[in-house]
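The values are calculated or read from the model by the stated rules, or taken from the named source; none is laboratory data. Please read these numbers as outputs of a predicted model, since none were measured by experiment. When we count neighbours, we look across all protein chains shown, and the Cβ atoms used for this are built from the backbone with ideal geometry, even at glycine. Note: accessible area is taken over every heavy atom of the protein model, side chains too, but ligands, DNA and RNA are not part of it. Shrake-Rupley method; radii C 1.70, N 1.55, O 1.52, S 1.80 Å.
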Amino acid sequence: MTDAAPSFRSTAEPRLRVLIPLIVGCAFFMEGLDSTMIAVSIPAMARSLGESPLRLNLVITTYLLSLAVFIPVSGWIADRYGARRVFCAAVLIFAGGSALCGLADNLPVLIAMRVIQGFGGAMMTPVGRLILLRSFPRAGLVSAMNWMTIPAMIGPMVGPVVGGFLTTYASWRWIFYLNIPIGVIGGGLAAWLFENFRAPSPARFDLVGFVIAGVGLFLLEFGIENLGRPIVMPAIGFALFPVAAAALFLYWRHARRAEAPVLDLELLKIKTFRIGTLTGGICRMGLDATPFLLPLLFQVGFGLSPIRAGLLSFSSTLGAMFVRTFSKPVLRTFGFRRTLVGGAVLSAAVTAGYALLDADTPDWIIIAGVLAGGCIRSIQYLALNTISYADVPSALLSRSTSVGGVVQQLTRGFGVAIGAALLAIAAGSEQVTTYEFRIVFVLIGLIPLYSAFGFLRLTAADGAEVSGHRVEPTVQPVAR
């Protein structure tokens, strides 16, 4: 389906074709940088606040729970108050909450500030994606998503290095203060360059649906996080999943009757959105588990320092930046179907290939493998982010970014949790060694491989308006 062709500032002003996606990408950069910096700073934070490192897991979990609860309302708020206004406010709330986290002198205050930061993050990334989708014609989305992907991938990869450096040579509080200048600059540029897209008559807010969905997503996200970072007893953690499933089933029944549900599940009837979001979510589990597992392999398995492990992992980002120059021609040549199927198979092969690495492997071979993984992952993310919204009507874009944001948040958590759980199961009561990592990398590689069967349901014509892929017309036999 296609929309009436509106005018786009990005078409009239060439500089905006780069500036808009880079500013939106800064939101993803801040979020990725923040989460990975905190992970390496947990021990120092625990000592400073007089808490055990295990209790400091709440700092990470609280933020993710806040995201899961508030992402569903991001689309409605953007329609109600304007996308530019909400994005700028969200960036400043995120940066302000980050500053308050840096000032916290005890764990309860830190957790409360992480909730505020999570509210900003929940608005920031879905609304940023919404602005990107509404700022470009369909044919320009691939290039725009390409520019946005670069800072989005750089953040998580440089986070461990920056976090380790700041914690070692300054203070853990600086990992939060670092977001302040980025947020102020990003918010200022957004206020100057973004259009304030707004629905002419936003629907009434679905409060009942928000409460039901919020409870279900909260319990599901908490259960996922408890798998990788135990906070409650395993029996209680596993019991959360059926309760969450019951709440989400109740929401599904509510959404079928509601006039404007907070999460519009009717969008899943659009084939490209359904495959890009749900099948893409399965693929993302494997893709998102790898950046979590590789630094652990380098430090725990190989015994490398955090800085050296971070530098080796950073080659993945270099791969993502390198691939930007030819990712658009790849999509134009092969189309979404072949690109996504091929990317899933190659991701599986590269992930399983990490099982061949050991402590004696030369650095250049490790860098080449991580670089290749970054290239493939970058193209796959680009294709998934673009095909998901290729056929969504403009009037439904705000709702689609809310649904897509929730699924991405959950699958990212599942990917890390599955990686951590498999590693714990493989090691048992013994210390984790390189051997256990080998088993886990092979198993994780099966996840994107499985998603390839779902991508085969796409046709060569799906998303062709966005990718520019030329589809050969089918010759009909002549009736005699």
Quiz prompt | Set Gly140, Gly120: member being at pLDDT 90 or above, of a type outside the set (A, V, I, L, M, F, W, C) and in a helix (DSSP H, G or I) | solution = Gly120
Self-check item: Residue that is least open to solvent (accessible area, probe 1.4 Å) [pool: residues in the range 413-458 that are hydroxyl-bearing (Ser, Thr, Tyr) and touching a Gly at 6+ places or on another chain (Cβ under 8 Å)]
Solution: Ser451
Exercise. Please state which one of Asp358, Asp288 is over 19 Å from the mean Cα position of the chain (by Cα) and of a type in the set (D, E, K, R).
Key: Asp358
Quiz item: Looking at (1) in contact (Cβ under 8 Å) with a residue 60 or more places away in the chain; (2) under 23 Å from Thr62 (Cα atoms); (3) touching a helix residue (DSSP H, G or I) at 6+ places or on another chain (Cβ under 6 Å), which is the one condition that is false for Leu178?
Solution: (3)
Quiz prompt | Matching residues in the range 32-63 - criterion: being part of a helix (DSSP H, G or I), open to solvent by 10 Å² or more (accessible area, probe 1.4 Å), modelled with pLDDT under 85 and hydrophobic (A, V, I, L, M, F, W, C) | solution = Ala39, Val40, Ile42, Ala44, Leu58, Ile60
Quiz item: Would you say Ile212 is in contact with a Phe, Trp or Tyr (Cβ under 9 Å, 6 or more places away or on another chain) and under 30 Å from Gly102 (Cα atoms)?
Solution: no
Practice problem: Evaluate the following for Gly237: is it crowded, with 20+ Cβ neighbours inside 10 Å and not aliphatic (A, V, I, L, M)? | Solution: no
Practice problem: Starting from residues that are modelled with pLDDT under 80 and of a type in the set (Lys, Arg), keep the ones in the range 294-333 and report whichever is most open to solvent (accessible area, probe 1.4 Å). | Solution: Arg308
Quiz item: Tell me, which residue of the range 357-388 that is in contact with a Lys or Arg (Cβ under 8 Å, 6 or more places away or on another chain) and open to solvent by less than 10 Å² (accessible area, probe 1.4 Å) is farthest from Ala460 (Cα to Cα)?
Solution: Ser378
Quiz item: Any chance the range 390-412 includes a residue that's of a type in the set (Gly, Ala, Ser), open to solvent by 60 Å² or more (accessible area, probe 1.4 Å) and more than 29 Å from Gly155 (Cβ to Cβ)?
Solution: yes
Practice problem: Among what's in the range 376-393 and is part of a helix (DSSP H, G or I) and closer than 19 Å to Pro126 by Cβ, pick the residue that is farthest from the chain's Cα centre (by Cα). | Solution: Ile387
Exercise. Please work out if Ala199 is open to solvent by less than 20 Å² (accessible area, probe 1.4 Å) and in contact (Cβ under 8 Å) with a residue 40 or more places away in the chain.
Key: no
Self-check item: Residue list for the range 163-181, restricted to those being closer than 20 Å to Arg114 by Cα, surrounded by 17 or more Cβ atoms within 10 Å (Cβ to Cβ) and not small (Gly, Ala, Ser)
Solution: Leu166, Thr167, Trp172, Arg173, Trp174, Ile175, Phe176, Tyr177, Leu178, Asn179
Exercise. Tally the residues that are in contact with a Ser or Thr (Cβ under 9 Å, 6 or more places away or on another chain) and open to solvent by 20 Å² or more (accessible area, probe 1.4 Å), restricting the search to the range 256-270.
Key: 2
Exercise. Among the residues of the range 96-121, write down those that are open to solvent by less than 10 Å² (accessible area, probe 1.4 Å) and farther than 15 Å from Gly32 by Cβ.
Key: Gly97, Cys101, Gly102, Ala104, Leu107, Leu110, Arg114
Quiz item: Just one of Ile231, Ile212, Ile275 is within 19 Å of Thr411 (Cβ to Cβ) and β-branched (Val, Ile, Thr); which is it?
Solution: Ile275
